[in-house]
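Enquirer: My structure is below; once you've seen it, I'll send some questions.
Here, each number is a calculation from the coordinates, and none is a lab measurement. These numbers were taken from a predicted model, which means no experiment stands behind them. Counting neighbours? That spans all protein chains shown, and the Cβs are built from the backbone with ideal geometry, glycine included.
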Amino acid sequence: MQLDQILKELKQKISVKAETGVGDIVLVGMKPGLFYGVVQDIKSNIKKDWWDVHFKLLVIPPVDITWILRTPQMNGEIFTINGEEHFMIAVDIRPPVQLPKKGGKKPVLTLIKHEETSDE
């Protein structure tokens with residue numbers, strides 16, 4: 001499957017952010033597979049409209065990487081490095097907000113099981 005098709009399907013199944021920023025969890029796609037990373041720093045590059053994006057690839061062991069990207073490339077546009085396609089896109093990890101229905105009861109916590117304590 002082509003990387004553009006994988007990215008299209010991922011966008012239908014996970015929430016992604018419109019823009020990538022420092023501290024964001026990103027999904028990184030490349031030939032070996034899909035990986036998560038965390039953006040550690042974004043600094044302007046000497047080339048106009050390009051950025052040095054420093055991130056830690058969350059693999060074992062973690063790997064520090066710096067890519068020089070344009071803004072669209074940090075936000076899901078497919079790009080090539082040494083002729084191989086890649087992408088980076090920030091994942092929206094915030095839980096969905098569920099507002100209580102008007103006139104409905106507010107959610108409450110329910111005790112499911114009471115644990116016994118021993119006095120040994």
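Enquirer: Which residues' amide hydrogens lie under 5 Å from the amide hydrogen of Lys17, considering only partners 5 or more residues apart or on another chain, with H built in the peptide plane?
Expert: Ala90, Val91, Asp92
Enquirer: Percent of Cα-Cα pairs more than 21 Å apart in segment 11-99, please. Could you put the intermediate results ahead of the total?
Expert: Working: 1093 of 3916 pairs.
Within segment 11-99, distances greater than 21 Å cover 28 percent of Cα pairs.
Enquirer: Here's something else I'd like to know. Of Lys11/Lys47; Lys8/Lys47; Lys17/Lys56; Lys13/Lys56, which pairs sit farther than 20 Å apart, going by alpha carbon to alpha carbon?
Expert: As for pairs spanning more than 20 Å Cα to Cα, those are Lys11/Lys47; Lys8/Lys47; Lys13/Lys56.
Enquirer: Same structure again: Which stretch or stretches of segment 1-28 have amide N atoms under 11 Å from the point lying 7 Å from Trp50's Cα along the Cα→Cβ direction?
Expert: What the label zone holds, given the 11 Å backbone N cut-off, is no residue at all.
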